Every structure is written in C-alpha cells, then in structure tokens.
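Report on the following structure.
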Amino acid sequence: MTANHKPVTLEYVLHEFEQCVDLIHRNFPMLSADMVYFDHLIDKDAMEREVLQPFANVQADELDHLLKDTRFKPSSSSKEIIEGILKGDAAIFHESSVYLVSLYGPSSRPIEQSETEAVIIGPHDAFTESAFTNLSLIRRKLKSSHLKVIQLSVGEVAKSDVFVLYIDGIVNMEFVNEMIKRIRDIEVDIITDSNMLVQHIDDYPNTIFPLFLTTERPDLIVSKLSGGRVAVIMDESPSVISGPTSLFEFFTSPDDYYQRWIIGTATRILRYIAFIITITFTAVYVAITTYHYEMIPENLLYTLIESRSRVPFPPVFEALLMEVTIELLREAGARLPSKIGQTIGIVGGIVIGQAAVQAGLTSNILIIAVALSAIASFVIPSYVMSASIRFARFFLIILAGIWGNFGLMIGISILVIHLSKLTSLGSSYISPIAPLNFQDWKDSFIRGPFWMLKDRPAQSRTHNKVRNKMKR
Amino acid sequence: MSKRGLKLFFVCVVLLGSVLQMTGCNKSQRILEKLAIDHTIGYDLDDEQKLSVTAAIINQGEGGSEVKQELITAEADSSKEAKIKLSRQTSRNIVSGQLRNTMYSMDVASQGIRKLIENLVRDPSISPRVKITVVNGSVQELLSSKFPNHPNTSQYVDHLLEKNWKNQNIPQVNIYQFTRDYLDDGVDPVAPIVRKKGDNVIVDGLALFKDDKYVGKLSPDYNMLFAMSRGKYRQGEIYIKLDQNDSDGAVMLGTVSSDKKFKVWRKRSGGFVVELFLEVKGDIMEYTGNVLLSNHKDIITIEHGISKYISNKMEDMVDIMKDKRADNVGLGKQVRNSISYKEWKNINWDELYPEVTFRCTVNTKIKSTGEILEIPVPSRE
C-alpha cells in the first residue's frame, strides 16, 4: 500500500531493474522526460509512430497536453509500472507523473501449418506461441460478442498470461468457474507450456491418459467452444486446452467433418480399430504362442512354429525386446533433424525387418505384429493419447505373458475400470458410454450426417442444447 | 495395516508373482515351438488284439529344421496309457488341443469305440469338432504311407474329408455328431470310410454303426442318397443311369437340391410304415440318351426315370441297413416323433426295426436342360 502513495521515481524503477542490460533508458533533455522500456518487447514501428514522432514535434510546454492522450495511461503504482514494463509497455517519466504506453510487439513465429496435427483438407493455420495471435485466430472464426475472454496469470516467477475462453449462453458456467478456480490455485514458479498447465489442473495426476484435449488447430477449438466447452490459451504455448474432455474426442479429427459423412465415419471406425490393434495385437501374439496353441488356425500353425523355432527367448521377452526397439527408434527419430531421421528409418527398417529375424532373435510374424501395432498407434490423431496407448500396451503384453488370455482380459478390465473412474473437470471421461447417451454416439463413434447432429454434446451440460435446426 | 501399506503389499505380491511366472517358473506355459501337437490319432488292433495307438504329430526337428509330420506308435490298453507311452518317444510335450481327426481301423470299430470316444469327450482341450473316420485297412499303414503329391498324410486325409463333406459327398461326422446319434433314441451313427488307393486316399463309402459297433459298409454309390435322407441337400451333383426302354442313357444332374419329409403310418398287424417323400430339383448337365430334351413330354419321362431310380436305390439302402440291424437313416426317430413317449418306451425298437416297411416317393423336377437343346446330327451322304 505504501508504494501507491509514494511517488514513483525514475530512480526507483532503474534500481528495480539493476543489472538488466537489456533495459533501455532514453532521456529527452529538451522535454525533461525519461522513457524506460525493453527494446525487444516493443514494436519499433509503433514506438516511432506513437512516441518518438509526437515527442519530436512538441515543445516542452506542450508535452503535458500530449500526455493527456488516451494511449498514455497515467500510473502511480510502482508494481503496475514494473509489470507494465515487463509486458512490453514503455514507461514515460515526466515531472512527477508516470505514463505507460503499450507498444507490445516482439518478433514471433508466423502462422504456419501444424506439424503434429496436419490435415489434408480444411484450414491449415495453426496456433503459434503468441496468445494474441491465437486469440485473433479464434475471433476471426467466431465473430460473436458472446465469446468471452478472461485473463489470468500463472507462475509465481514467470507470471505467464492465461486466457480462459467460453461462449456465453452456451457454456455451463460451472465448468468456467471450476477452470478459473483451478488455474488460480496453481502455485508454482513457472509453467512453460499448456501441456504442462494441463497436468496442474487435471482431476487425476496419476493416470496415463490425458484428461484435457490440447490442440494446435483453431478450427477444432472453435468447434469445441461452440459445443459448450471451455478453452484455455496460454501465452507462449502453441497448444490450446479444451475441456471438459471425453476419451472419444481424442479419436476425432477436424478432417472427419470436412469429408462426406460416410467417409468420415469409416475413418473414425478405422481409428477405433487402430486403437484395438495397438493395445492388444502384440499381447494376443504373446498369449497365443505362450499358452493357447489351440487358437491358431491350422494353416498358420506351421508357419508360426517355423518362425518361432530359432528364437531363444520366451514370446513375452521376444515381444518386449521388439517393442522397446520400436520405441527407441521412434524416440530417436523424434529428436533428430529430418535428414538424419531418414538414416534412422533405413537402419531401423533393415535392423528390425531383416537382421533380427535372420539372426534368430525374433520371429517374422512378431515383426509384423509389432510394426502393425506401432503404425496403428500413429493413426490416432492426438499425439498425447497415442503415447498413452502405446504405454498401456506394455502393461498388457506383460500380463499376457504371465497369464495368457486370462491376463489379457484382466488387463483390459483394469483399463476399463480405470477409465470409468476418470473425470475431466468433474464430468465423466467416457462420456457417451457412461452416462449412457445414444444421441452422442452419432458424433463420437461415427460421424453422423449433419442433419443428425442436432444437439451439443451432453458432457457440456449446456442449457442451450440445439445447435442445428435444419430439417436435413 | 494402513490402506497404503496394504496397497504396497499387494503390489509386491503381484510383482513377485509376475517375476516368478515370467522367468519360467510356471508349468502351465505351453510355448508353441516346444510342443508336439497332435494332429491325428489312429487306433489299430494288433495280432494279439491289443490296442495300438498311432499319433501323427506336427513337430519340428531339433535345431530349427522344417516343420513336418512325425509318426509315433505305442501299444496300450487305453488311449490315455498310450499317451504316456507316446510321450516317452518324443522330446516335446504332446498336446491334443489341435487334434483334427481320429481314425479307427475296422477291427477297432467293430469292437466298439465308445470308450475311446468317451476319453476324447472328457478332455476339455479336444474340440467336439474332431472328425471320426473309419479306415479300411491298417491306420498305421495309411498314416505312414508317403503320398508323393501330398507330403503331409494326416493333413491330406483331413482336408480330403473336409472337402467331401462340404460337397455333401459324405455326412459330416465329428465327435459331437457321433455322440449325438449314438445317444439319441432311434438313430445310429455313421462315419466315413477312407482307404488307400495307389498314390491317393479315397473315400470308400460309409461305415454303418449299430450303437458304437461297426456292423457294415455302405458303398460310395449311396453317399448322395444317404445325404438326402438325412437332411436338406443343396448344390450337389448326381449321376444317374436310366434303363427305361425309351429313354436309355445316363443323366447327370447338377445344382441338385432336395427336401425331405417323413410320414409314419401304423400297420393293421402292428408295426409301422415309414414313407420318405423327396422333392428333388436339378439342372441337366450331361445327357447321353436319345430323347429330345426340347420336348416337354420327354422331360417328364426323364423325370419319372430319375424318381424311380432314386426311390429304388433309397429302398435298397435301407434294406442293407436293416440287414445289419443298424438304423442309420433314423427311421426310429421318425416313429418316435409320431407316437407318445410312453408308447415309445414300451416298444423295443431294435426288434421292431427289421419289420418296418420303408417306402420312398420321389418327385423330381428338372429346372433347365442347359444352353444347347440338341446338336443336329450331320446328314451323311
């Protein structure tokens, strides 16, 4: 409180920013004014236009008049001034008063295509690290005064800006208030990305599944907002959070809506098949070759025995070995620049495809199983979800190696029980299944034709249910 | 113990259990390449009337050589004793979860195969779809023969049977159907007979069982008729020799389908008359007679010829069965269905059966005669 009453002096501010060589202090001796700002946070053109030009054209006695312009915001709180400078304002000290002028405009990445969530048709723009660019991308697609934006800040040290977005009249305010409360409750030094923020606000920290959808695609966020979800943009992060989320949202892609509904449905079913393959295929191989020789069709029996015959390990170790190799390749490929990445692909292809079989380390049928489940895992549009599922697979392989099909069933049951326990912002994670809502199945398991998608998802608990009034 | 401690305890138990299990301290593991997988089991009687069991197993030679069929034989009193003896002869665990076929020599079959089948049914790893086949000759000899075009004998026989029942040449006979017919009142089981013939194996008709004992053989000519008498017949082929004065020649009917219906009457003198009504439909695929197929009237003659042929043959077939006192068509079942249970319990079907009159009425319908009605005979000069 004392700071508010004490006049803020230039000396105080300079003292606060001691040892900050990037702070610029400009003196206008003719006007007896001083200006303090961070050069790299401001837009140089704006500085020229808004401050330097007018200052050059006024006399010392006219300056008072000029500073009455609304773009110069008078401030008397030292805290506000220091925060302002840190956010890209320039502080102008004239006589005993201080003015802040917003010149924020640091250099940032232009709007580009999303690397992780590329689509073939539909808008190609993706969010960038700048929250204002992201807000602009959303506002451009959603020209409504009902789109509300609430600003919060997280990180005791970093003080990153976080924006909570929702559409008034569609969203259930419970979710907005819950989201705001959870973000306000965060007390950590620094959060550098929204995927990190998600882990601070989700319902269950000890689960492998992501409880909030994060995406780089504005069209997806816009459709989530209009479906009654809450979106959270974090400054300096290209991913935007949407919530509450159900498991099945991770298997949908904006592509589905840009294609004919039959093709969209087929693609969606393909993703669920991919999910099942990823999670069980190798485990089934292990269970069958270890315990259930009865289940193998006669024609496959001979080839399977032959391919297994030179392998010195029990099937479960053989499978784990190959799964770990694939994960190694994937991790190595993810970190490397694309030119070396090709080398990894070739080495991996030869090593896994050929040498491992010839050396008698694995059977070639297992190679197919492992490769298929790895490919299938990349069919799932969300990278975070695909990583979770790949992890769950290891758990199932080990159980299949211990108890065969019985173990596999135990594993799947545990997974289902675990999933039913999860909640996202307090609403069920497996939403159209439990609580059961057949209406929503048309937009989660299949992509129904638009005339069938009349209601907003039940998970949003919106009071404004109808989103499509057309007869067809 | 606190809730957390309990949780930790469970985690430890599960981890320890998994480590022990995965490291191979687990006897229930049946790793594929360490198994000797039974494909076919054959039963013979040797000279001293002792059971001799032959197992064709899918096995892999040591050191990753090619997977092939291996034959091992043991003499035993029962099939389970045989299993123990057989396992002494192989380096791998003998398992029977992939068993496809069981073969019985005629000697074994005529002594009754109830005990052998009982043991197959008792083992839960053996599927009820395992086939039952009677071999004309020695099973061991058949299984150990090398057929140049078919490197894997047991698989060859299995596929041969499978194809033949899909074509409805022989009825599908597996453990389920055999035991069902065996246990059901008023019907006796059958089984296909195979025999080695030169470089091939052929289906050699049907084995007629009285209860679980082999009593006689039905020649392969009756295969089709037996199938028609047992159930609906679809998409088959039948070759018929007509010996009527005006329409001599052979007819081959294709896409034959038949529907059957039994009717039972009581004779005044006691006893029963069972009549089988057959509705046979087919297309003429081949005809060597001299009747003009374009003539509708003549087609009716051919139809009558076919009907007569089928009904005569059907009655012959039942006569053969009656001779052996085996009711494989299931006339008893038809009689049973027509009277009350109490009455059925009071009659002794085995005694009554040879006295039953069987009649077969066939109604044949020729659907088409093919694309060409007749190629004109070139006039010779």
Problem - Per-region count, region A:296-353, residues of a type in the set (Asp, Glu) and closer than 21 Å to A:Thr116 by Cβ - result: 2
Exercise for the section: Looking only at region B:88-99, decide whether some residue is basic (Lys, Arg), touching a strand residue (DSSP E or B) at 6+ places or on another chain (Cβ under 7 Å) and buried (at least 19 other Cβ atoms within 10 Å of the Cβ). Expected result: no
Exercise for the section: For B:Tyr214, indicate whether it is touching a residue at least 40 places away in the same chain (Cβ under 8 Å) and touching a Pro at 6+ places or on another chain (Cβ under 6 Å). Expected result: no
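How many residues, within region B:289-301, are in a loop (DSSP other than H, G, I, E, B) and either at pLDDT 80 or above or outside the structural domain of B:Asp243 (by TED's automatic domain parsing) (or both)?
Of region B:289-301, the ones in a loop (DSSP other than H, G, I, E, B) are B:289-295.
Going one step further and asking which of them are either at pLDDT 80 or above or outside the structural domain of B:Asp243 (by TED's automatic domain parsing) (or both), we end up with none.
Number of matching residues: 0.
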Handout entry: Which listed residue, of A:Ala332, A:Ala387, A:Ala355, is modelled with pLDDT under 90, part of a helix (DSSP H, G or I), under 27 Å from the mean Cα position of the chain (by Cα) and of a type in the set (A, V, I, L, M, F, W, C)
Key = A:Ala332
Handout entry: Breaking point among (1) open to solvent by less than 10 Å² (accessible area, probe 1.4 Å); (2) modelled with pLDDT of 85 or more; (3) hydrophobic (A, V, I, L, M, F, W, C), for B:Phe277
Key = (1)
Exercise for the section: Would you mention how many residues in region A:296-312 are at the interface with another protein chain (Cβ under 10 Å from one of its Cβ atoms) and either in contact (Cβ under 8 Å) with a residue 40 or more places away in the chain or touching a strand residue (DSSP E or B) at 6+ places or on another chain (Cβ under 7 Å) (or both)? Expected result: 11
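Can we say A:Asn206 is surrounded by fewer than 16 Cβ atoms within 10 Å (Cβ to Cβ) and polar (S, T, N, Q)? Walk me through it before giving the result.
Working: surrounded by fewer than 16 Cβ atoms within 10 Å (Cβ to Cβ): yes; polar (S, T, N, Q): yes.
Yes.
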Exercise for the section: Looking only at region B:94-110, decide whether some residue is assigned to a helix (DSSP H, G or I) and at pLDDT below 90. Expected result: no
Exercise for the section: Within region A:268-295, count every residue that is at the interface with chain B (Cβ under 9 Å from one of its Cβ atoms) and in a helix (DSSP H, G or I). Expected result: 6
Problem - All positions within region A:449-458 that are modelled with pLDDT of 90 or more and open to solvent by less than 20 Å² (accessible area, probe 1.4 Å) - result: A:Pro449
Handout entry: Criterion (out of contact with any strand residue (DSSP E or B) (no Cβ under 7 Å at 6 or more places or on another chain), among the small types (Gly, Ala, Ser), open to solvent by less than 50 Å² (accessible area, probe 1.4 Å) and more than 14 Å from chain B (Cβ to nearest Cβ)) met by exactly one of A:Gly360, A:Gly349
Key = A:Gly349
Practice task
Looking only at region A:107-126, decide whether some residue is surrounded by 15 or more Cβ atoms within 10 Å (Cβ to Cβ) and within 23 Å of A:Lys159 (Cα to Cα).
Solution key: no
Problem - Filtered residues of region B:293-313 (kept if β-branched (Val, Ile, Thr) and closer than 21 Å to B:Phe358 by Cβ) - result: B:Ile306, B:Ile310
Handout entry: Tally of residues being open to solvent by 10 Å² or more (accessible area, probe 1.4 Å), of a type outside the set (A, V, I, L, M, F, W, C), out of contact with any strand residue (DSSP E or B) (no Cβ under 9 Å at 6 or more places or on another chain) and not in a loop (DSSP other than H, G, I, E, B) across region A:398-445
Key = 6
Exercise for the section: Identify, from the list A:Ile269, A:Ile279, the residue that is crowded, with 19+ Cβ neighbours inside 10 Å and on the phi < 0 side of the Ramachandran plot. Expected result: A:Ile279
Exercise for the section: Could you grab me the full set of residues in region A:165-182 that are among the β-branched types (Val, Ile, Thr) and in contact with a helix residue (DSSP H, G or I) (Cβ under 6 Å, 6 or more places away or on another chain)? Expected result: A:Ile167
Practice task
Select, from B:Lys263, B:Lys217, B:Lys213, the only residue that is in contact with a Ser or Thr (Cβ under 9 Å, 6 or more places away or on another chain) and within 30 Å of B:Leu116 (Cβ to Cβ).
Solution key: B:Lys213
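Looking at region A:372-382, which of the residues that are part of a helix (DSSP H, G or I) and buried (at least 17 other Cβ atoms within 10 Å of the Cβ) is farthest from the chain's Cα centre (by Cα)? Explain how you work it out, then say what you get.
We begin by selecting, within region A:372-382, every residue part of a helix (DSSP H, G or I); these are A:372-377.
This time we only want the ones that are buried (at least 17 other Cβ atoms within 10 Å of the Cβ), so: A:373-374, A:376-377.
Numbers: A:Ser373: 24, A:Ala374: 22, A:Ala376: 21, A:Ser377: 18 Å.
My answer is A:Ser373.
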Fill in the blank from the handout: For helices (runs of 4 or more DSSP H) lying entirely in region B:125-193, having 1 or more residues that are small (Gly, Ala, Ser) and farther than 23 Å from B:Asp327 by Cα picks out B:139-144, B:153-166
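Using the structure shown, decide if B:Gln49 is open to solvent by 40 Å² or more (accessible area, probe 1.4 Å), at pLDDT 90 or above, assigned by TED's automatic domain parsing to the domain that holds B:Val157 and closer than 26 Å to B:Ala207 by Cα. If you could, list the steps in order and put the result at the bottom.
On the way: open to solvent by 40 Å² or more (accessible area, probe 1.4 Å): yes; at pLDDT 90 or above: no; assigned by TED's automatic domain parsing to the domain that holds B:Val157: yes; closer than 26 Å to B:Ala207 by Cα: yes.
Criteria not met by B:Gln49.
Those residues that are without any contact (Cβ under 8 Å) to a residue 60 or more places away in the chain and within 17 Å of the chain's Cα centre (by Cα), I need them from region B:83-120; list them, please.
Listed by number, the list holds a single entry, B:Leu120.
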Handout entry: Sole exception among (1) aliphatic (A, V, I, L, M); (2) within 21 Å of the chain's Cα centre (by Cα); (3) at pLDDT below 95 for A:Val164, by number
Key = (3)
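Taking into account only those residues within region A:313-336 that are of a type outside the set (A, V, I, L, M) and within 14 Å of chain B (Cβ to nearest Cβ), which is surrounded by the most Cβ atoms within 10 Å (Cβ to Cβ)? Quick ask: steps written out before the conclusion?
Taking region A:313-336 first, the residues of a type outside the set (A, V, I, L, M) are A:313-315, A:317-318, A:323, A:325, A:327, A:330-331, A:333, A:335.
After this cut, where a residue has to be within 14 Å of chain B (Cβ to nearest Cβ) as well, the list is A:313-315, A:317-318.
Numbers: A:Phe313: 13, A:Pro314: 19, A:Pro315: 27, A:Phe317: 15, A:Glu318: 24.
Of everything passing the filter in region A:313-336, A:Pro315 is surrounded by the most Cβ atoms within 10 Å (Cβ to Cβ).
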Practice task
Tally the residues that are open to solvent by less than 50 Å² (accessible area, probe 1.4 Å), of a type outside the set (D, E, K, R) and assigned to a helix (DSSP H, G or I), restricting the search to region A:131-186.
Solution key: 12
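Here is a list: B:Lys3, B:Lys7, B:Lys68, B:Lys80. Which entry is charged (D, E, K, R), exposed (fewer than 10 other Cβ atoms within 10 Å of the Cβ) and at pLDDT below 85? Can you show your working first?
Working: B:Lys7 fails: exposed (fewer than 10 other Cβ atoms within 10 Å of the Cβ); B:Lys68 fails: exposed (fewer than 10 other Cβ atoms within 10 Å of the Cβ); B:Lys80 fails: exposed (fewer than 10 other Cβ atoms within 10 Å of the Cβ).
Residue meeting the stated conditions: B:Lys3.
The values are calculated or read from the model by the stated rules, or taken from the named source; none is laboratory data. These figures come from a predicted structure and were not determined experimentally. Because the Cβ atoms are built from the backbone with ideal geometry, glycine has one as well, and the counts that use them run over all protein chains shown. Please note that ligands, DNA and RNA were not included when accessible areas were found on the heavy atoms of the full protein model with its side chains. Shrake-Rupley method; radii C 1.70, N 1.55, O 1.52, S 1.80 Å.
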